[in-house]
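*Asks:* Starting off with a structure, shown below.
The values are calculated or read from the model by the stated rules, or taken from the named source; none is laboratory data. Small disclaimer: the values here were computed from a predicted structure and weren't measured. Please note: Cβ atoms are built from the backbone with ideal geometry, for glycine as well, and neighbour counts cover all protein chains shown. When the accessible area is computed, the model is the full protein with side chains, heavy atoms only, and any ligands, DNA or RNA have been set aside. Shrake-Rupley method; radii C 1.70, N 1.55, O 1.52, S 1.80 Å.
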Amino acid sequence: MSEILLQVEGLEAGYGDVQVLWGISLKVARGTMTTLLGANGAGKTTSLRAITGAMCPRGGKVVFAGEDVTWLPAHAKAARGLVLVPEGRQLFNNMSVEENLEMGAYSRRARQHFRQQLDHVYTMFPRLKERRNQKSGTFSGGEQQMLAIARGLMAMPEILIIDELSLGLAPVVVQQLAETLKGLKASGVTVLLVEQNLHLALALSDYAYVIAEGRPFLEGPSAEVAAKPEIRQAYLGL
Amino acid sequence: MWRRPFLWFIVAAALVYALYPYFTDDVGMRESLLLAAVYIILASNLNLMIGYAGYVNFGNIVFFGLGGYICLYLVTALHWHVIPAALTGGAAVSALALLFGLGILRLRGAFFALATIGVNQAIQQLVVNFEPWGGATGIYLSLDAYGPLGGPMQALWTTYLMIVAVTTASLLASYAIRHSKFGLGLLAIGQNEDAASVLGVPTPRYKAMVYSASAFLPAVAGGLYFFKSGIIEPSSAFNLQTSIEAIVMVMLGGSGTILGPALGAFLYEELRGFLLTAQSFSQFQLVIAGALLLLIVQFVPGGLLGWVHQRWPRTRRWLE
Amino acid sequence: MRKAFYLLAASMLFAASPAFAQDTITIGFTASQTGALNNDSTAQMRGIELWRDDVNGKGGIKVGGKSYNIKLVTYDDESQNTRVQQLYTRLITQDKAQFLISPYSSGLVATAAIISEQYGKVMITTGGALEKTYKLGNKNLFQLYTGSSQYLTGALQALKEKNPKPHIAFVYEDDPFSKAVVQAVRDTAKKRGDVVAADESYAGSTTDFSPVINKMISAKADALLGGGHYADGATLARQLHEQKAAVKWVTLLVAPDSQKFAELGDSAIGISVPSQWEPQAAFKPDFGPTVAAFTQAFTDKYKIAPAYHAAGGYAAGLILQHAIEKAGSTDPVQVAAQLNAMDVTTFFGRTKFSNDSKEHGLQVGHDMVLAQWQKKDGKLVKEVIWPKAAKTADALY
Amino acid sequence: MIGILASVIDGILIGAVYGLAAMGLTLIWGVMNVINLAHGAIVVVGMFVLYMLVSALGLPAYGAVPVMIVLGFVIGIGLYWIGVHRMIGRPELMSLLSTFALNMVLIGLGTAWWTTSPYNVQVNMPSVSWRGYTFTGTHITAAALAVVIAGLLYLLLYHTRIGKAVRAVATNREAAELCGIPTTQVLAMAFGLGVALAGVSGTLIATMFPFTVLSGEAYQLKSFVVTVLGGLGNPAGALMGGIALGLIEGLATPFMPVSWIPIVEFGLFVFCLIAFPRGIFSFTKA
């Protein structure tokens, strides 16, 4: 296995009096696509939020590119290339496509490659280029997801973490996005994917982690995990 | 409900409050307690809006001022006795609040708060231009008006006792509402209005009702207070500063609790009174009061009682 | 160390003990140390303090062969009447004030008067010209100033002298005092058939008068009578000048009397003010300082020439002192009796209180003058222009 | 007729300055959902900065404008950390109280320092006279500067990276943070910007009118009215709302006693709140 880019150890997090995560651990190797699976409420989104700094973890450790980044604020992690495409897209709805992309490249590191990255993203999503002066609030769900991924790419991610890629999108759109992800992986971007659609996730990824009730449940290469019967159990939340 | 020890506590405290200056014959103390009692009435009724229903009413003083105007008008122009005049003022203002409430309670959060400022300022200006109420000059009470109460000296004592009675009524009303279905509905509105509405709380009606209810006693108190002062002017009747200070008192004591606003009002008034009369502080009284408020908001957002309840959760049982 | 502390505490207790307090007469009042009325109220307070220093410097007030020092107790009323009653009660009950002087401005005076009446304390009112207050049945209130209805009478007469057919704009603050003043003069003007070109009241916090000024211009007013207190009056004067309003005669209440008004520079020229007192006055006092002595002492102490509020403050003390000395007692009833009987002239002018029970305490002896800012040798000075007998310069028109 | 026209022109001139004052309020409100009750006190700070710079240091009056922008920005960032930072994301009531406390402290310090007496800064500008009506130079200059500053603010918000970041934070703070925008700094900066705007409006007002430590309240109330007319967080709306308010004042004056104007103003304010809760001129924000 190649270099470990992101390593999470014993992550704990929660909201108020409720603890949600009870020691999540995972590793993502550079250049691979890893997926994090689990039933509704298993703690996938919370894991991602705690890893990227959108919320403050209560314990555990997040090491990124050899540096302990557990307690850094989200913007500092994003600046280092640990980038989250959040669930529900979270676009800047009253700003234009191009302004959204510009915001994606806010960090100093990303800013230097803004033009070049913009071209790259526009070639990847020609639809965005066509509508670059339109406000993102007027877009369809699929277009919004494209823009969200594009915005994430503008940050020059070392690792792109995508939360619920396919949520609420038509199958044909999901298929397009899946192609996009394959392309990304081929171009060397490391991806950590959280996805409801089990088959899609396992088909796309190299390695899979399954969590249940905030705890690690099983892990392994995606092909092996797909074959295990316990996976159903985890998904039904049993 | 009279089995509850807390109610007896309120009544006992009110008796002590009413009688202490009487037996010590400490008139200075009485003046200070009177002002505090008025603020307790304002804060306690405001708490019905802020603490229970979660609506910040910046213009709560408008009830007090209008009540005062109606009462003094009835006393001077129609020669009513002060008690029916104050009660009529209360009823009229309460009815008016119901009417207004149906309009501005459609607004939420900060927008509602701003609208209440607008209502207060608009009504103040209306009164300034309303000649039957003396316009900007206001209404001056002739000393004869104190005749029915046994002359000016005795009238002060009588109004003091009446104001303490209204204070007690405010606390009892706070208690009764808190422990009623109406109160539960209000708390639900305060937590999440949409959810409350879905669960069958008649939110528009409840909101208008609490707005109107929170107007009644302050308006009665306004009548008594301005009767005691002998003069009412638009600038002092509708003073926005006092209105905002009432919010500070609610927060200081703990919004949503029954005793908190009263405690906050009492402490705030005594502190301001002290700072104002202490020579070394009078220059900086506003700064000190402001800094204190800032610290409370930042570090003890639940107010005094909120903090006590958090620290010793059992106290919640006794005090509510 | 601790011992020293106790000693210190004990000595402080002694300092405040009644044995010491017996030789003083305590006089209480509130002043607007903050708030909108600060400027005028401060002048009044300075006058009172100067009087106290004068009296104490000369060994105090002599009552029945014994000398008493004056002790002043004062609180900040924040220019609002919310606290006035609490503070006056405190002055009477806690600070044991034997006599009271009023706060500044008619509204606060009316509020304080209820307390002084309830406790039967004599209160000399200065800076409370509104006559209504004295018609409510008070028995212990004594007004030093000429009442509000007289304020602009002189100005109207002086104006008619220059222009028999004036188009008058009344522009005034919507506070009790200014409204009462204007109401009185407006009635007089109407009776005499003068044209009322505009009649506008404004809030005391107003800073932008251009709407009113434009209205005056449209109505072709050539004279303005009105104003209110310092802040609004100064603003109005400045904007009249800046907007080159074609009014030839401007009389404003209160504001132009203050020496601070000279800061307005050219805007001040030609603005007149009804005044309770001016340093040019030539009264021969029955007792107390001469006009010159007062002016000198005040200027020495505060580095600013006194205007009528300051003189009023001093005179309040002086009149009270005179009544106490004549009564030979600090008993309020006897002092009140002396005040009722009083008809004297001090540096402040004549003082006589009405004994009519319908308007007890109303000032009936004092006269006002009309002063106007003029430029003399490149410097702004206030000249008395009315009544003719007292004038020091001709009116600008 | 000419009188009405003069009133209208006066109304527009003063309205532009109301708009500038409201811009500071609406920017802070829109970006961080904080209604800054210290707004009036900050307007007063701007007034006294003019007084000190002109009277004590002898600077030319309009030289105080850039000084105030910088100073206001610094003060604003300081106030943000003292009183606002902990209130972000908490219920509105908390930030209302917190900024009100800041207001008390500022007013209290000002009162202790300058008392509540009026101050006056004489600014000599040539004025324009027309058929007996005069429009003073200070009014015209203040209105012109207000429009220029509004324009600069627009450029900043829509054509610079940092301005776009402010808008991004206003729209979706969490997403902005995930994009690598240091949102806390951006909030502090936006607050500083809002304070600078309020302060500058105070400086300009002080060139026109005398002022006291307590003058701020009137402008704070007017700013509320303007914000409601112009819509939240929208600087262009604030300018238009301000001019609308000035126009209403100007148009109403010839037809009714001046003391009735506030009733019209506040009546309109409440009506607009109920009828157009998003503001009449609001184009943005769903």
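*Asks:* So which residues in the stretch C:175-225 are among the β-branched types (Val, Ile, Thr), away from every other protein chain (no Cβ under 12 Å) and open to solvent by less than 40 Å² (accessible area, probe 1.4 Å), if there are any at all?
*Replies:* Applying the first criterion (among the β-branched types (Val, Ile, Thr)) to the stretch C:175-225 yields C:181-182, C:185, C:188, C:195-196, C:206-207, C:212-213, C:217.
Okay, now just the ones that are also away from every other protein chain (no Cβ under 12 Å), so C:185, C:188, C:195-196.
Scanning the stretch C:175-225 gives a single hit, C:185.
*Asks:* May I pose another question? Only one of these conditions is not met by residue B:156: (1) open to solvent by 20 Å² or more (accessible area, probe 1.4 Å); (2) within 30 Å of residue C:137 (Cα to Cα); (3) more than 19 Å from the chain's Cα centre (by Cα). Which number is it?
*Replies:* The number of the failed condition is (1).
*Asks:* Going through D:142, D:146, D:112 one at a time, which residue ends up being in contact with a helix residue (DSSP H, G or I) (Cβ under 6 Å, 6 or more places away or on another chain) and without any contact (Cβ under 8 Å) to a residue 12 or more places away in the chain?
*Replies:* Details: D:142 fails: without any contact (Cβ under 8 Å) to a residue 12 or more places away in the chain; D:146 fails: without any contact (Cβ under 8 Å) to a residue 12 or more places away in the chain.
The conditions single out D:112.
*Asks:* How many residues does the stretch D:61-109 hold that are of a type in the set (Gly, Ala, Ser), open to solvent by less than 50 Å² (accessible area, probe 1.4 Å) and over 14 Å from residue D:202 (Cβ atoms)? So that I can check it myself, show each step before the final result.
*Replies:* Narrowing the stretch D:61-109 to residues of a type in the set (Gly, Ala, Ser): D:61, D:63-64, D:72, D:76, D:78, D:83, D:89, D:95, D:98, D:101, D:108.
Applying the additional criterion that residues be open to solvent by less than 50 Å² (accessible area, probe 1.4 Å) yields D:61, D:63-64, D:72, D:76, D:78, D:83, D:95, D:98, D:101, D:108.
Those left that are additionally over 14 Å from residue D:202 (Cβ atoms): D:63, D:78, D:83, D:95, D:98, D:101, D:108.
Total satisfying the criteria: 7.
*Asks:* Which one of these does residue A:82 not meet: (1) modelled with pLDDT of 90 or more; (2) within 22 Å of residue D:160 (Cα to Cα)?
*Replies:* (2)
*Asks:* Of the numbered conditions (1) surrounded by fewer than 17 Cβ atoms within 10 Å (Cβ to Cβ); (2) over 20 Å from residue C:25 (Cβ atoms); (3) acidic (Asp, Glu), residue C:331 fails exactly one; give the number of that condition.
*Replies:* (2)
*Asks:* Right, something else. Within the stretch D:203-243, can you find the residues that are in a helix (DSSP H, G or I), buried (at least 24 other Cβ atoms within 10 Å of the Cβ) and either within 10 Å of chain C (Cβ to nearest Cβ) or among the small types (Gly, Ala, Ser) (or both)?
*Replies:* Within the stretch D:203-243, D:205, D:206, D:208, D:216, D:219, D:223, D:230, D:237, D:238, D:241, D:242 qualify.
*Asks:* So, residue A:94, is that one within 8 Å of another protein chain (Cβ to nearest Cβ) and either part of a loop (DSSP other than H, G, I, E, B) or open to solvent by 60 Å² or more (accessible area, probe 1.4 Å) (or both) or not? Talk me through it step by step, then tell me what you get.
*Replies:* Working: within 8 Å of another protein chain (Cβ to nearest Cβ): yes; either part of a loop (DSSP other than H, G, I, E, B) or open to solvent by 60 Å² or more (accessible area, probe 1.4 Å) (or both): yes.
In short, yes.
*Asks:* Could you list all residues from the stretch C:298-314 that are within 14 Å of the chain's Cα centre (by Cα) and outside any helix (DSSP H, G or I)?
*Replies:* We begin by selecting, within the stretch C:298-314, every residue within 14 Å of the chain's Cα centre (by Cα); these are C:306-314.
Listed by number, the residues that qualify are C:306, C:307.
*Asks:* I'd like to verify a number: residues in the stretch A:79-90 that are part of a loop (DSSP other than H, G, I, E, B) and facing chain D (nearest Cβ under 7 Å), how many?
*Replies:* Of the residues in the stretch A:79-90, the ones part of a loop (DSSP other than H, G, I, E, B) are A:81, A:86-90.
Keeping just the survivors that are facing chain D (nearest Cβ under 7 Å) gives A:86, A:90.
Residues in the stretch A:79-90 being part of a loop (DSSP other than H, G, I, E, B) and facing chain D (nearest Cβ under 7 Å): 2 in total.
*Asks:* Show the residue pairs meeting these rules: Cβ distance below 8 Å; 6+ apart or different chains; first residue within the stretch A:109-132 and over 24 Å from residue A:76 (Cβ atoms); second residue part of a loop (DSSP other than H, G, I, E, B).
*Replies:* Filtered contacts from the stretch A:109-132: A:122/A:132; A:131/A:139.
*Asks:* Considering each residue of the stretch D:6-21, count those that are away from chain C (no Cβ under 14 Å) and surrounded by fewer than 24 Cβ atoms within 10 Å (Cβ to Cβ), and give that number.
*Replies:* At the first step, the residues of the stretch D:6-21 found to be away from chain C (no Cβ under 14 Å) are D:19-20.
Imposing the further condition that a residue be surrounded by fewer than 24 Cβ atoms within 10 Å (Cβ to Cβ) reduces the set to none.
Qualifying residue count, the stretch D:6-21: 0.
*Asks:* With respect to residue D:24, is the statement that it is more than 22 Å from residue D:173 (Cβ to Cβ) and surrounded by 24 or more Cβ atoms within 10 Å (Cβ to Cβ) true? Don't jump to the end; show me each part of the working.
*Replies:* Details: more than 22 Å from residue D:173 (Cβ to Cβ): no; surrounded by 24 or more Cβ atoms within 10 Å (Cβ to Cβ): yes.
It is false that residue D:24 is more than 22 Å from residue D:173 (Cβ to Cβ) and surrounded by 24 or more Cβ atoms within 10 Å (Cβ to Cβ).
*Asks:* Next question, about the same structure. Step by step: first the residues of the stretch B:1-26, then only those that are free of Cβ contacts under 8 Å to residues at least 12 places away in the same chain and aliphatic (A, V, I, L, M), then the one that is nearest to residue B:156 (Cα to Cα). Which residue is that?
*Replies:* Among them, the one singled out is B:19.
*Asks:* Taking interchain pairs and intrachain pairs at least six residues apart, which have beta carbon atoms under 7 angstrom, with the first residue in the stretch B:150-168 and within 14 Å of chain C (Cβ to nearest Cβ) and the second of a type in the set (Ser, Thr, Tyr) and open to solvent by less than 20 Å² (accessible area, probe 1.4 Å)?
*Replies:* Qualifying pairs under 7 Å: B:152/B:146; B:155/B:146; B:163/B:225.
*Asks:* Among the numbered criteria (1) at pLDDT below 90; (2) open to solvent by 50 Å² or more (accessible area, probe 1.4 Å); (3) in a helix (DSSP H, G or I), which single criterion is violated by residue D:3?
*Replies:* Looking at each condition in turn, residue D:3 falls short on (2).
*Asks:* Another question, then. Quick one: count up the residues across the stretch B:96-140 that are at the interface with another protein chain (Cβ under 7 Å from one of its Cβ atoms), in a loop (DSSP other than H, G, I, E, B) and among the aliphatic types (A, V, I, L, M).
*Replies:* Within the stretch B:96-140, residues that are at the interface with another protein chain (Cβ under 7 Å from one of its Cβ atoms), in a loop (DSSP other than H, G, I, E, B) and among the aliphatic types (A, V, I, L, M) number 2.
*Asks:* Just the residues that are of a type in the set (Ser, Thr, Tyr) and at pLDDT 90 or above, please, taken from the stretch D:161-204.
*Replies:* Within the stretch D:161-204, the first condition is being of a type in the set (Ser, Thr, Tyr), and the residues that meet it are D:171, D:183-184, D:201, D:203.
Across the stretch D:161-204, the qualifying residues are D:183, D:184, D:201, D:203.
*Asks:* Now for a different question. Looking at B:237, B:213, which is the one that is of a type in the set (Gly, Ala, Ser), more than 10 Å from chain D (Cβ to nearest Cβ), closer than 28 Å to residue B:91 by Cβ and surrounded by 22 or more Cβ atoms within 10 Å (Cβ to Cβ)?
*Replies:* On the way: B:213 fails: surrounded by 22 or more Cβ atoms within 10 Å (Cβ to Cβ).
Answer to the selection: B:237.
*Asks:* Assigned to a loop (DSSP other than H, G, I, E, B), within 30 Å of residue A:105 (Cβ to Cβ) and within 14 Å of chain A (Cβ to nearest Cβ), is that true of residue D:180? Even if it seems obvious, please write down each step before you answer.
*Replies:* Values: assigned to a loop (DSSP other than H, G, I, E, B): yes; within 30 Å of residue A:105 (Cβ to Cβ): yes; within 14 Å of chain A (Cβ to nearest Cβ): yes.
Yes, satisfied.
*Asks:* Output the number of the condition that residue D:191 fails; it satisfies all remaining conditions of (1) farther than 20 Å from residue A:95 by Cβ; (2) within 11 Å of another protein chain (Cβ to nearest Cβ); (3) touching a residue at least 12 places away in the same chain (Cβ under 8 Å).
*Replies:* (2)
*Asks:* For the stretch B:295-317, name all the residues that are at the interface with chain D (Cβ under 8 Å from one of its Cβ atoms) and open to solvent by 20 Å² or more (accessible area, probe 1.4 Å).
*Replies:* B:301
*Asks:* If I ask for residues that are more than 11 Å from chain A (Cβ to nearest Cβ), of a type in the set (S, T, N, Q) and crowded, with 16+ Cβ neighbours inside 10 Å, which ones from the stretch D:128-177 would you list?
*Replies:* Scanning the stretch D:128-177 gives D:134, D:136, D:138, D:141.
*Asks:* State which residue is nearest to the other protein chains (Cβ to nearest Cβ) when the search covers only the stretch B:216-234 and only residues that are in contact with a Leu (Cβ under 7 Å, 6 or more places away or on another chain) and closer than 30 Å to residue B:197 by Cβ.
*Replies:* Step by step, filter the stretch B:216-234, then rank; the result is B:218.
*Asks:* Any residue at all in the stretch C:46-58 that's in the same structural domain as residue C:295 (by TED's automatic domain parsing), closer than 21 Å to residue C:123 by Cβ, open to solvent by less than 10 Å² (accessible area, probe 1.4 Å) and of a type in the set (Asp, Glu)?
*Replies:* Within the stretch C:46-58 (the criterion being in the same structural domain as residue C:295 (by TED's automatic domain parsing), closer than 21 Å to residue C:123 by Cβ, open to solvent by less than 10 Å² (accessible area, probe 1.4 Å) and of a type in the set (Asp, Glu)), the answer is no, since none of the residues qualifies.
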